[in-house]
1. Can you pull out every residue in segment 78-100 that is closer than 24 Å to Ala25 by Cβ and modelled with pLDDT of 75 or more?
2. State the number of residues belonging to segment 35-73 that are assigned to a loop (DSSP other than H, G, I, E, B), among the charged types (D, E, K, R) and surrounded by 13 or more Cβ atoms within 10 Å (Cβ to Cβ).
3. When you scan segment 146-166, how many residues do you find that are modelled with pLDDT under 90 and hydrophobic (A, V, I, L, M, F, W, C)?
4. Which residues, counting only those in segment 145-155, are without any contact (Cβ under 8 Å) to a residue 24 or more places away in the chain, more than 16 Å from Arg201 (Cβ to Cβ) and either surrounded by 12 or more Cβ atoms within 10 Å (Cβ to Cβ) or of a type in the set (Lys, Arg) (or both)?
5. Does segment 192-204 contain at least one residue that is in contact with a His (Cβ under 9 Å, 6 or more places away or on another chain) and either free of Cβ contacts under 8 Å to residues at least 40 places away in the same chain or assigned to a helix (DSSP H, G or I) (or both)?
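The values are calculated or read from the model by the stated rules, or taken from the named source; none is laboratory data. On a predicted model such as this, the values are computed, not experimentally measured, just so you know. Cβ sites come from the backbone with ideal geometry, for glycine too, and all protein chains shown count toward neighbours.
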Amino acid sequence: MENSLRARTKSDVVVEFREAEIIDAVRRVIARSGFRNTSMEKVAEEAGISKGTLYLYFKNKEDLVRKATERGHAEMARSIEKLAQATIDPDDAIATYVRAMLVFCDQNEILFRAMDARPDSDGEKSATSVNRRIDHYVTILERIIDDRIQAGTYRKVHSRRVARMIVEAVRGVVIERLREPVGQRGDVENDVEMIVSVFGRGMSA
């Protein structure tokens, strides 16, 4: 029983490691070829494995993309929370969030594609996962806004709705940035300042 548990745990670690390698490969393929032109064949070649081996880990392209976006959202959530905790000035917390999200989406087209999914895609596992992650980002911002309201920096607003508005504003800016050629997207800081200043003026006490 003990040996079986040890073997199963080791097997799980190997599977997770291999899945992570494949997900890194699909990100590189998407960055190079674009989302629509990404195929299981290209991912297998990039990962240095056979197509048959790839299907041992992922059922199809949709399954691969779903797991890649889930991992991407988890990474971004950790990044945002870490940056927010490290921010000394609470007034910079929203800017920190916006900056982290813009930079991460610039570098991860697969994550952007998931965030741009229709929110009413009932029954789709990927859409459900994405909406859950977005709700998590809204909760992070809601907490930041509530803190500012209690400190008297922001007037009393519906913090949850304002947080949702900020997330949607960032998503809109991401869409516009990724529609532009990489060299013409402009400085992230300009977009951060634009979003933060618009919402900051509206919420100032």
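1. Here is the first cut: in segment 78-100, the residues closer than 24 Å to Ala25 by Cβ are 78-79.
The one that is closer than 24 Å to Ala25 by Cβ and modelled with pLDDT of 75 or more: Arg78.
2. Applying the first criterion (assigned to a loop (DSSP other than H, G, I, E, B)) to segment 35-73 yields 35-39, 48-50, 58-60.
Pick out the ones that are also among the charged types (D, E, K, R) and you get 36, 59.
So of that shortlist, the ones also surrounded by 13 or more Cβ atoms within 10 Å (Cβ to Cβ) come out as none.
Total satisfying the criteria: 0.
3. Count: 1.
4. First pass over segment 145-155, keeping only residues without any contact (Cβ under 8 Å) to a residue 24 or more places away in the chain: 146, 149-150.
If we keep only those that are more than 16 Å from Arg201 (Cβ to Cβ) as well, we get 146, 150.
Answer for segment 145-155, where residues must be without any contact (Cβ under 8 Å) to a residue 24 or more places away in the chain, more than 16 Å from Arg201 (Cβ to Cβ) and either surrounded by 12 or more Cβ atoms within 10 Å (Cβ to Cβ) or of a type in the set (Lys, Arg) (or both): just Asp146.
5. So the first thing to find is which residues in segment 192-204 are in contact with a His (Cβ under 9 Å, 6 or more places away or on another chain), and the list is none.
Looking for residues that are in contact with a His (Cβ under 9 Å, 6 or more places away or on another chain) and either free of Cβ contacts under 8 Å to residues at least 40 places away in the same chain or assigned to a helix (DSSP H, G or I) (or both), one finds none in segment 192-204, hence no.
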